Every structure is written in structure tokens, then in C-alpha cells.
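Step one of this worksheet: look at the structure below.
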Amino acid sequence: MTTTERLAVELAARMPAGWADVISAVDRARFVPARVWVYDENNEPQPLDRDVDPRRWWRVVYSDTAIMTQFDDGATVWPDTTGEHPTSSASQPSLMLDMLAALDVREGHRVLEIGTGTGYHAALLATRLGDDAVTSIEIDATVAQQARANLAATGHTPTVVTGDGAAGYPGGAPYDRVVATASVRPGELPYPWVTQVRPGGVIVTPWGPDYHNGVLARLVVAGDGTASGRLSGNLAFMRLRAQQDTLCPLDDGETGDAWETTTSLWVYEVVGEFSGALAVGLLVPRCHKIVEDDPDDAYHHLVRVHDPVTGSWATVDVHRGAAAYPVRQHGPRRLWDEIEHAHAWWVTHDRPTYTRLGVTVTDTEQWTWLDHPDQRVATTWTGNSDQ
Ligand SMILES: C[S@@+](CC[C@H](N)C(=O)[O-])C[C@H]1O[C@@H](n2cnc3c(N)ncnc32)[C@H](O)[C@@H]1O
């Protein structure tokens, strides 16, 4: 068995119909740089050099692992591990397969990919559909250039454009499919993706609020300039470049004056429960969360939430078993109060699972809904015409 076939076997459980031969035919190693970062079990990036540790490098390349190739738009240079944001990668193969399954390409389809990265995903699409059927757009000129070189060296010639994929690529429109490999925030799906897909075509993108790990949105474009569809999956992706947040320095922020109360909420439901946390994220926009475990006490966790736009923050000191937990809130937003309010919405609606949620995008607004586009969940975001 070749190494690429081994990757196909490892991914067999998640393999959508029609992709196993493609995975076996495209060698991921040809797209991964010699020097990369890989996350360790504590979710910390660790440098990995093919020339220093070849066994580990090859094992990682042919496994279901995301491999970071750039931090902070290139400002953090390998092997520095202090970067704030990963900004380019070879995506985790099983997540790519989930996206390809949702994309549901057919022979003759023309696809626009947003975020070329290493070029591996574009090579898979080009192998399946033909080079002429695939256009991929990458915002980072250095990354785009390397992707072009990787693709050419492996015999693929899809169109790779250097540019901002938030504007789509009208030169190749209309497309049957748009697939983004960088995530968008609720309310911020670029409307050009809708106008550049033919009616009946599909947009697949990682999607989610700052509070949550992330899901996949699959929207079908209608003939009236709208797109609508449900959420699925569980996948964290780096943000589309213009949607990256500068994280506020939590340690400094939390030393400020605070409004002190207590909560008896079952905190797990708004922090760890996938659907509960997503509902909170939709109703409490621009709110990041971190949960710190106490190494000396398995029943003790500090929940920290913050809004980098207003500088608001809140902490909840959770001692499992206690009747109530201390809450501290600071800034113009009372974030914990917002979270409790959002949780009440979720409970009132019988704790709906996230796959009952969907998204609609029009030329003037975007919203999330429960079961049907008429049943709006959350904030309606406007301003598409400015994008
Ligand atoms: C997760 S990586 C893509 C990985 C790719 N699927 C692979 O396996 O190699 C996301 C890429 O999206 C690019 N990107 C982010 N924002 C973009 C934008 N507005 N337009 C085009 N590309 C963008 C990043 O520079 C990055 O290379």
C-alpha cells in the first residue's frame, strides 16, 4: 500500500462517495512545507522540521492532522511558537472531506474555492473535476505563489488567483459551487458568493460565532438573489482575513473594577454543550470564551468571556458541587447577563440541537433561524450592500 492509500484508509469512515481514488491519487506530502507547526495535546503549536524529525513529519502528513504553515499573516517566523493567529495551513483531511461531502460536486461542475492555502484541496477538486473547472483565490501573495508551485509540480493547473476572496472572483462566474476554507462570522458571509453562484448552486463554508468552535453552513442559492440552508458538522477553521479579531489582553482586563454577583446556572450548558453554546454565541455576538481548568482540582474551572470591541469581560469561578458560583463583570456589556438570557431562549425552545438551525443571506440582511427561515433566532445583521 502506498502512503497516500494509507491516508485514504485512515479516512475511510468519513470518505464521501467518489473521493477515495482522488485522495489516493494526490500526494499530500507534495503540498506540505518542510518546516511547519503542529498542535500538541495541550493545543500549543510545536515546530516540526522534516530534516530534523523526518519520521514524525511523514507520520503527520499521512494522518488526519491539521498542519499550520503560517502564523499572523507571516509576521511570526518559524520556529517561533508565540504567534497569536494561525493564518494558513494544510487543513485537517477529515474536515476537508466533510466539506467535500456537503459540496456534493458532480461532473461538469465549476467550483470557486476561497483560500487556496497549500493548494492540496484545489488539487483534489482539480483531479475530480478537471483543471479548467477549478478556480481558487488566496489573499496572501506568498502563500498563493507557493500553492501555484505545488500544483504545477504535481501536474495540476487550476486557476489560482491572488486576491481577496470576500469579493469572490467574478471573472470565472457563474459557479456551480463555492467552497470557503476560512470561516465566516454570522452576519458576515460575503454576498458576492451568492451572486456568483447560479440558482440551485451551493455555498459551503465554515461558519460560527466567536463564542463557539464552529460548524459548517451549506446554503442553496435561489433565483431571487437569496441563499438559505442548514448547519451541520463540528469544525474550527481560521477566519477569513478581514474577520480576524485582535484578542484583548485578558489578564490585564480582569484586574479592573467589576460588578459582582453569583450564578446558579448549570454552566456546562452554555460552555461545553455544543448546541447550547452555539445558541449562546448567536445571541451574544462578539464574545470570546476561554475555560481554564485547575490542575490541582478537577472540580474547579474558571470561565472567562470577553468582547474585544468594547473591552467588556466577565468571569465565573465554577466549583462543581457549590450552590452558586461568583460572577465578575466589567465594561459596557454585561456579558454574563447576556449569556444567561441567551441560555433562557435555548431552554424555552426545548434545547434545540444545532442541526435544526439554518442561515439565510439576502442582498440586505442575514439571519439565523430555527427549523424554518420565518422563525428567526437571533440578531438580524444588515449591511451586505457595503461588502
Ligand atoms: C485553512 S487555509 C486553506 C487550507 C487549504 N484547504 C489546504 O488544505 O491547503 C485558509 C486559507 O485562506 C486564506 N484566506 C483567508 N482569508 C482570505 C480571503 N479573504 N481571501 C482569500 N483567501 C483567504 C488564508 O491565507 C489561508 O491560506
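Exactly one residue among Glu84, Glu107, Glu113 is closer than 22 Å to Ala133 by Cα and touching a residue at least 60 places away in the same chain (Cβ under 8 Å), and that residue is Glu113.
Filter the range 177-188 for residues that are closer than 16 Å to Leu235 by Cβ and not polar (S, T, N, Q) and give the result. Val179, Ala180, Ala182, Val184, Arg185, Pro186 - these are the residues of the range 177-188 that are closer than 16 Å to Leu235 by Cβ and not polar (S, T, N, Q).
Run down Ser24, Ser89 and say which single residue is touching a helix residue (DSSP H, G or I) at 6+ places or on another chain (Cβ under 9 Å), polar (S, T, N, Q) and not in a loop (DSSP other than H, G, I, E, B). Please lay out each step first, then the result.
Details: Ser89 fails: touching a helix residue (DSSP H, G or I) at 6+ places or on another chain (Cβ under 9 Å).
Matching residue, one of Ser24, Ser89: Ser24.
Counting only residues that are within 25 Å of Ala101 (Cβ to Cβ) and either at pLDDT 95 or above or open to solvent by 10 Å² or more (accessible area, probe 1.4 Å) (or both), give me the strands (runs of 3 or more DSSP E) lying completely in the range 179-283 with at least 3 of them.
197-207, 215-221, 227-232
For the range 298-310, filtering for residues that are outside any strand (DSSP E or B) and open to solvent by less than 40 Å² (accessible area, probe 1.4 Å) leaves 1.
From Pro295, Pro373, which residue is farther than 30 Å from Tyr191 by Cα and either open to solvent by 30 Å² or more (accessible area, probe 1.4 Å) or out of contact with any Asp or Glu (no Cβ under 9 Å at 6 or more places or on another chain) (or both)? Sole residue among the options that is farther than 30 Å from Tyr191 by Cα and either open to solvent by 30 Å² or more (accessible area, probe 1.4 Å) or out of contact with any Asp or Glu (no Cβ under 9 Å at 6 or more places or on another chain) (or both): Pro295.
Could you tell me which residue of the range 100-123 is nearest to the chain's Cα centre (by Cα), considering only residues that are among the charged types (D, E, K, R) and surrounded by fewer than 21 Cβ atoms within 10 Å (Cβ to Cβ)? First the steps, then the outcome.
Going through the range 100-123, the residues among the charged types (D, E, K, R) turn out to be 104, 106-107, 110, 113.
Remaining after also requiring surrounded by fewer than 21 Cβ atoms within 10 Å (Cβ to Cβ): 104, 106-107, 110.
On the way: Asp104: 19, Arg106: 25, Glu107: 27, Arg110: 23 Å.
The qualifying residue nearest to the chain's Cα centre (by Cα) is Asp104.
Entry remark, the range 352-370: residues being open to solvent by 60 Å² or more (accessible area, probe 1.4 Å) and outside any helix (DSSP H, G or I) number 3 in total.
Hey, among the residues in the range 111-159 that are in a loop (DSSP other than H, G, I, E, B) and more than 8 Å from the ligand (Cβ to nearest atom), which one's nearest to Ala242 (Cα to Cα)?
Kept after step one, since they are in a loop (DSSP other than H, G, I, E, B), are these residues of the range 111-159: 115-119, 130, 139-140, 154-158.
Filter again for more than 8 Å from the ligand (Cβ to nearest atom), leaving 130, 154-158.
Working: Gly130: 31, Thr154: 31, Gly155: 32, His156: 29, Thr157: 28, Pro158: 25 Å.
Filtering the range 111-159 for residues that are in a loop (DSSP other than H, G, I, E, B) and more than 8 Å from the ligand (Cβ to nearest atom), the one nearest to Ala242 (Cα to Cα) comes out as Pro158.
Is it the case that some residue within the range 15-27 is in contact with a strand residue (DSSP E or B) (Cβ under 8 Å, 6 or more places away or on another chain), at pLDDT 95 or above and either within 12 Å of the ligand (Cβ to nearest atom) or under 21 Å from Gly119 (Cβ atoms) (or both)? Within the range 15-27 (the criterion being in contact with a strand residue (DSSP E or B) (Cβ under 8 Å, 6 or more places away or on another chain), at pLDDT 95 or above and either within 12 Å of the ligand (Cβ to nearest atom) or under 21 Å from Gly119 (Cβ atoms) (or both)), the answer is no, since none of the residues qualifies. So which residues in the range 28-78 are outside any loop (DSSP other than H, G, I, E, B) and among the basic types (Lys, Arg), if there are any at all? Matches in the range 28-78: Arg28, Arg30, Arg35, Arg55, Arg56, Arg59.
What number of residues within the range 87-121 are hydroxyl-bearing (Ser, Thr, Tyr) and in contact with a Ser or Thr (Cβ under 7 Å, 6 or more places away or on another chain)? Within the range 87-121, residues that are hydroxyl-bearing (Ser, Thr, Tyr) and in contact with a Ser or Thr (Cβ under 7 Å, 6 or more places away or on another chain) number 5.
The values are calculated or read from the model by the stated rules, or taken from the named source; none is laboratory data. Keep in mind the model is a prediction, meaning the values are calculated, not measured. Virtual Cβ from ideal backbone geometry, glycine too; neighbours counted across all protein chains shown. Ligands, DNA and RNA are stripped out before the accessible areas are found, and what is left, the full protein with its side chains, is counted by its heavy atoms. Shrake-Rupley method; radii C 1.70, N 1.55, O 1.52, S 1.80 Å.
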